[in-house]
Amino acid sequence: MGKRVFGSIDSFVESPEADLKLGRLVANFGFLQALLRYADFDEFHLFCPTLDNLKLVQQRLEACVDDALLSKVVLSHHFNVPDALSRTDFSAFHLGDWYWYLSKMARLRARHASHPLPLTAPIHSLNGGDMFDKVAALAAAPLLPGDALFCTSTLGMGVVERHLDHAMAGGTGSRPACRLLPLGVDEEYFTRRDRAASRKQLGLADGGFYLLYVGRLSAATKADLVPMLYLLARLRLEGPGTDWRLLLAGGASASDLDNLRQVVAELRLEGAVAVLGPVSDADKHALLSAAEVFVSPVDNFQETFGISIIEAMAAGLPVVASDFDGYRDLVRDGDTGFRIPTLATRPPQVVGDMLEVLEPNLSSLIYAQGVALDMDAFGRRLMALADNPALRRQMGERGRAVAQAEYSWRAVIQGYDAAWRQLKREADAAGLPPAAAQGRPAMSAIFHDYPTRHLADELMLELTALAHAILRAELPMPATYAEVALLGSGELLSHTVQALLAGPQTAASIRRMVQGQLPVAADHIDYQLGWLLKYGLLRLAG
């Protein structure tokens, strides 16, 4: 059996900030680490968009995986993708998100691949006003058997299927398969920590009954927390036997933090509610240990899965969350926690009419403001848990077991690996269609009229006085931008200059002389000539 090779044009690392909390970024880097640790591949080829990103990926991986795993990783630039597709039999080619690269990779595969390969990608947010255009572009791409979208939730998969139905209503286009595959959490979330010690570490009162919310503190992109603050105020007025406390942690803008703190002050909850904002990973683990119940009243259609729910379950907390989006898969009502019923109303027609041009966060906020949780049911569920320590323990332990079995990265990657094996078999059985021609006109053809003239075979070129001064070491050679340098080499530059030392030559003759010395494509030689002309080392002779 041949070696199994994983490939991706996504590096799964987009930011140098290791603690960036945006769900997609957390999920992608968590996925990469888990992939290296648990997937059964012999090599992992990651093609990075820039050299800076390549260095960042290298640094991040060196900090979190051992040398044995690093030895399986091959990092290179996007420029290497066409050659890799022609030479490598990839067992899987997976992307960090479907809408950015999947249709483009399908076109690259059609032009360059020598072996069948399945293209896969997960879904993340699905509520953008441009979703119809993105799905239409995907349906128009040359997708093949074995290509699939990995849907992180049942409801999210339903959204994708309805989008695809709409895009293919005319009976044309290609449809990827949809597979239900969740995201996962790292094993460190399953570590048991002492509650009293965690509260002491965080400076929390030992006797309070702490509810915990972890997620973006944004009504526009995650959840409107104000209704929950009013519920807490009511519970504190009606239930004097419980010292209700609430911890709010997560990324937020300064204005979002100010707004929440203002509401807390207006409700006289300063001693009961802590608006913490962003927290470190260490503090997040301590918060999960310190709390009694995890709450997440998400109301935003931007949400698809809900990693924070799984983190809380892994920590052994019962979860009280909205019956919404991916939470319906994650929270087993009455078993690992409670789901709070939701009711949605449509916004006025003008919002739908303007959806494609509205600022995305504004449209998300408007739709979310039409989603209401049953606050009476929310209160009853919280009181039931506050009054019953045994129920809290039972639900927490059950949630931990479910998270371990179904949502640890080890378990999740096993599901991914099984899917890739099946999809690779489907791709191999279908084979590749004949190589496709370039589906779009080249940039040079589109902008053909911009320059005065173009490099042509018959153009006579010669070295300039500047070039001779550089060759005599009187001046330094101009530096080449790092990314541009990938399209050439010092050897190519040297042979190109040598071809001109005897005197003026046509572009065609320079090409022949260089190719007699180096196995290099003509377009790379032409680009090198263009660079020498640009920096004044060559000129048109005569």
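Here is how the numbers come out for the structure above:
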read-out	value
Number of the exception - residue 367 against (1) in contact (Cβ under 8 Å) with a residue 12 or more places away in the chain; (2) over 30 Å from residue 301 (Cα atoms); (3) surrounded by 12 or more Cβ atoms within 10 Å (Cβ to Cβ)	(2)
Close pairs (8 angstrom Cβ cut-off, 6 or more residues apart or separate chains): at positive phi in the range 57-75, of a type outside the set (Gly, Ala, Ser) anywhere	none
Test: residue 174 is surrounded by fewer than 20 Cβ atoms within 10 Å (Cβ to Cβ) and either within 30 Å of residue 489 (Cα to Cα) or of a type in the set (S, T, N, Q) (or both)	yes
Residue 470, sole failed condition from (1) among the β-branched types (Val, Ile, Thr); (2) surrounded by 13 or more Cβ atoms within 10 Å (Cβ to Cβ); (3) without any contact (Cβ under 8 Å) to a residue 60 or more places away in the chain	(3)
Scan of the range 407-420 for residues that are in a helix (DSSP H, G or I), touching a residue at least 60 places away in the same chain (Cβ under 8 Å) and out of contact with any Pro (no Cβ under 7 Å at 6 or more places or on another chain), ordered by number	409, 410, 411, 413, 414, 415, 416, 417, 419
Residue pairs meeting the criteria (Cβ under 8 Å; at least 6 apart or on separate chains; first of a type in the set (S, T, N, Q), in the range 277-289; second assigned to a helix (DSSP H, G or I) and surrounded by 16 or more Cβ atoms within 10 Å (Cβ to Cβ))	289/195; 289/198
Some residue of the range 124-135 being in contact (Cβ under 8 Å) with a residue 12 or more places away in the chain, of a type outside the set (S, T, N, Q) and touching a strand residue (DSSP E or B) at 6+ places or on another chain (Cβ under 9 Å)	no
Some residue of the range 50-70 being among the β-branched types (Val, Ile, Thr), over 28 Å from residue 418 (Cα atoms) and not in a strand (DSSP E or B)	yes
Condition check for residue 337: over 28 Å from the mean Cα position of the chain (by Cα) and modelled with pLDDT under 95	no
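The values are calculated or read from the model by the stated rules, or taken from the named source; none is laboratory data. All of these numbers come straight from a predicted model, not from anything done at the bench. Quick reminder, even Gly has a Cβ in these numbers, built from the backbone with ideal geometry, and neighbours come from all protein chains shown.
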